[in-house]
Amino acid sequence: MTTDAAETTAEGLVTPPAGVPGGSGESGGAAEEVKNILSEAERNFLSGRTGRGTETGSPTGAGRADSEAADAGARADGEDGGTGGTDGTTPRRGRRGHRQENPLIRGTLIAVSLVFAALMLVLPLLAVLSQAFGAGWDNFVRSVTDTFTVKALKLTLLTSLVAVTANTLFGLTAAWALTRYRFRGQGLLVTLIDLPFAVSPIIAGLIFILTYGRLGWAAPFLEAHDLKIVFATPGIIMATVFVTIPFVAREIIPVLAARGTDEEQAAVLMGAGFFRTFFQVTLPHIRWALVYSVILCSARAMGEFGAVSVVSGHLRGKTNTLPLHIEILFNEHHYREAFAVSAILVITSIVILTARSLVEWVSKKEEEPGVR
Amino acid sequence: MSNRVLAALAVFSLLLISVPAPAQEELTNVSYDPTRELYEAYNQAFQKHWQELKKADVTIVQSHGGSAKQARSVIEGNEADVVTLALASDITAIEEAGLINKGWQSELPNNSSPYTSTIVFLVRKGNPKKILDWGDLAREGVGVITPNPKTSGGARWNYLAAWDWADKEYDHDETKIVAFVKQVFDNVLVLDSGARGSTNTFVQNGQGDVLLAWENEAYLSLAERPGEFEIVTPPTSILAEPPVTIVDAYVDKNGTRELATEYLKFLYSDEGQRIAGAHYYRPSNPEIIKEFADYFDLGLKLVTIDDPLFGGWEVAQKKHFGDGGVFDQIYEK
């Protein structure tokens, strides 16, 4: 049984990319090329996306086998709704495996997942919400309209906005450079983009203190120009940008890689400039992946605690973001208020996740006509 | 993304950036963990006082955390106008970084400590483990909660008070003293980085049998959760002097010297002293402390940091809490 599943997975990994060259000549070659420089995880990622790419490609002359593969991909994608679109391989395994799967195992696995999610996610979240509203609506309103809370909220929104903008620009640039050009240090750039995922947030904070603090490398320059970075808003924004770097780039790279360059080359041949090519040819293809990544990036930026805590200085009303403010309220025995403010973040997360699911749903809807 | 969305975002971000409060004098007070409630009340009183004095509004920005950690942030560039920390050696560290002028501790009365405190035991209702004196902390099966002396000021007072008790108990035999203190720290269940973290561990999370706490922090817990805890005042303890001072380099840069000076001076006024007393800090004014005699044990025998046993903060800090000092050895063994 296990070997079967493994083979299915391997097949699932291989089949969809094989479908690409059938659909559209050179793009598969380009995808192969890029795949060489991408990591193992990247490849899993890529195959999920490529499966989707095939769907639109198949009517333009794919062979029978190819369109079958595309169908399987489409079916798997259709089931994919709840688990998140980034990983196309998991649902496919479930779909094929389940024909021979022992119902006992199936039931156990589903039960364990649900119970675990209930204990670890649902229950604590409900506890936060019930605490937050337990003292009544008035208490909630008073807590969230408190001057310091409003200031913390403003700072959090500003920080997230700047971080998401910066990382969207960087993510698009890096994804473009990595998938469209070959250059020295390409592999290094891919690794660097992943770095913030691997580094502990406290280090993310400390590096900014060591660089831009009063005793840091950049201190003489900053002092001469009367600039303040750490223990001020710029430091908080920089720490947040640092921890959210991977979100956009990681999402866009596989999509661009799977798309290949032929459509853009055609556009350029027809006389379109760089920006026109980007906005009219590339952007429509990556638009949903982009929206999706921006949503996740915002969620992370709003919730970041560790790195921001190190560079904040905890100045009330000045350098406290919402997560830091929650800690302060909790430490000051203001439990109700702490939970009320937590509820803002929890509700924001729920809104963000709903938006994410909506994006997944809409993007699938858009691609469906290509299959039928 | 459509242009309209982009435009909306741009307008929104401009709104966020461009609503700074009208120009107003601002003072930043970087303090330690348990003073949160004290300075919340004191700042309101001071704002009124400054209004009467100068007909001007002042905003006071507070920051709280473990004392050593807070000192570190000031050294790294957190521009505090005044620091109100848990003990002198943390302020000395800022002085050594060149931000505070030498001799700061004699600029204000009472070693620049407008209020003092001491270390007491907070135990669960009925004192089920019968913890009455320092010796009981080393008993097997007693779960002790204290912050980390490396980052917390209160924890250093805890440690030194235990040391003082053992010094008398074991007749100055340092091997035995170290063994005792080590045993106390072997009983520590959770070592938080600041006093408030430890209080939460003990009060909120229900860990441990005894919390070594600032007297003020212990009374605050009693007030927050009436009927759940008891305070045990050990027969001997230490006179904890949390000093306050101006950070010269930053007040000169920010042009806030006059404001900062008045802010600290007002702590010694009758009103400031009463606010301290009401928040369970022992007022340094000998007349005003009498008003609070119902909850301060005024007969408690308190050793000071300048006692020959410790030889002042400079010596004690190096010997006990410096890198490779006694605490490091105790905690590594």
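Nothing in this text is a laboratory measurement; each read-out follows from the coordinates by a stated rule. All values reported here derive from a predicted model rather than from experimental measurement. Don't worry about glycine lacking a Cβ; one is built from the backbone with ideal geometry, like all the others, and counts go over all protein chains shown.
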For the residues A:MET302, A:MET120, what sequence is obtained by ranking on other C-beta atoms within 10 Å, fewest first? A:MET120, A:MET302
Give, as ranges by residue number, the residues of segment B:187-212 whose backbone N falls under 18 Å from the point 7 Å along Cα→Cβ of B:ARG225. B:189-212
What per residue convex hull volume, in Å³, do the alpha-carbon atoms of segment B:196-257 yield? 137 Å³
For chain B, calculated [θ]222 nm from helices alone, where every DSSP H run of n ≥ 4 adds -39500 (n - 2.57): -13000 deg cm²/dmol
Shielding by partners for B:60-70, please: the mean number of other protein chain Cβ atoms within 10 Å of each residue's Cβ. 4
For B:VAL61, net neighbour charge (Lys/Arg +1, Asp/Glu -1) across residues whose Cβ lies under 11 Å away: 0
Residues of segment A:174-209 with amide N under 17 Å of the 7 Å Cα→Cβ point at A:GLU327: A:200-209
Angstrom value of the Kirkwood radius, inverse mean 1/r, which spans all Cα pairs in segment A:236-367: 17.5 Å
Suppose every K and R has +1 on its Cβ and every D and E has -1 on its Cβ; what is the size of the dipole of segment A:136-371 about the Cα centre, in Debye to the nearest 20? 280 debye
Quick one: Cα centre-to-centre distance for segment A:267-290 and segment B:152-168, in angstrom? 69 Å
Cross-link list B:LYS130/B:LYS150; B:LYS102/B:LYS265; B:LYS176/B:LYS301; A:LYS154/B:LYS48: which exceed 25 angstrom alpha carbon to alpha carbon? B:LYS130/B:LYS150; A:LYS154/B:LYS48
Segment A:136-371: radius of gyration over Cα atoms, expressed as a fraction of 2.2 N^0.38 Å: 1.18
Let me know the volume per residue of the alpha-carbon convex hull for segment A:201-243, in Å³. 58 Å³
Between A:PHE305 and B:ASP173, what FRET efficiency comes out of the Förster formula 1/(1 + (r/R0)^6) with R0 = 45 Å and r the beta carbon distance, rounded to 0.05? 0.45
Pseudo-spin-label distance A:ALA266 to A:PHE170, built 7 Å along Cα→Cβ, given in nm, is 3.5 nm
A:GLN280-A:ALA355 FRET efficiency (beta carbon distance; Förster radius 25 Å; 0.05 resolution): 0.45
For segment B:36-68, which trypsin sites (Lys or Arg not before Pro) are both in a DSSP coil and crowded by at most 14 other Cβ atoms within 10 Å? B:LYS55
What is the diffusion coefficient of chain B in µm²/s, taking the Kirkwood radius over Cα pairs and the Stokes-Einstein relation at 25 °C with a viscosity of 0.890 mPa s? 116 µm²/s
Simple spin-label estimate for A:GLU367 and A:LEU215 in nanometres, 7 Å along Cα-Cβ: 5.2 nm
Give the average over all directions of the projected area of the C-alpha convex hull of segment B:174-333, one decimal, in nm². 12.4 nm²
Treat each spin label as a single point 7 Å out from the Cα along the C-beta direction, and report the B:LYS253 to B:ASN110 distance in nm. 3.1 nm
Given N residues in segment A:181-292, what is its alpha carbon radius of gyration divided by 2.2 N^0.38 Å? 1.45
